[in-house]
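Okay, structure first, notes after.
The values are calculated or read from the model by the stated rules, or taken from the named source; none is laboratory data. As the structure is a prediction and not an experimental result, all values here were calculated from the model. For neighbour counting, all protein chains shown are included, and Cβ atoms are generated from backbone atoms with ideal geometry for every residue, glycine included. Accessible surface is based on the protein model in full, side chains and every heavy atom, while ligands, DNA and RNA are left aside. Shrake-Rupley method; radii C 1.70, N 1.55, O 1.52, S 1.80 Å.
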Amino acid sequence: MGLFSKKKEETKSCCCGGKCTPETMAQAEESKSDAGVKVLGSGCAKCNALEDAVRTALTELGMDTAVEHVTDFAQIASYGVMTTPALVVDGKVVSYGKVLKKDEAKTIIQKVRANN
């Protein structure tokens, strides 16, 4: 008997809640291949703290690398990150879900750059 069950509507959804388009997903995938350092997050206090720690770490390492702060959810989701803040170095997600201290960020950046 189907008295209490409603027919469920089939909805197409993706990681961004259905708000993405093929164009935005293509842009997000394209930006993943860019070399550099990116902080992924909404712009909250934790994301900003991670960005500050990364900038300080890069300065101490003598690397003149720009830090990009990505707030677009489609781009964040294209990296497979579900917990922010996250750190991406040369297209690889190296940390997510926590705010790294300056020394932790330095160690991670050095390891990734040494392997490339």
(message) Quick check on my filter: what residues within region 78-90 are more than 19 Å from residue 64 (Cβ to Cβ) and in contact with a Lys or Arg (Cβ under 9 Å, 6 or more places away or on another chain)?
(response) 78, 79, 83, 84, 85, 86
(message) Given the options 19, 12, 32, name the one that is in contact with a Gly (Cβ under 6 Å, 6 or more places away or on another chain) and at pLDDT below 90.
(response) 32
(message) Can you tell me how many residues within region 62-88 are open to solvent by less than 40 Å² (accessible area, probe 1.4 Å), in contact (Cβ under 8 Å) with a residue 40 or more places away in the chain and either assigned to a strand (DSSP E or B) or more than 24 Å from residue 22 (Cβ to Cβ) (or both)?
(response) 4
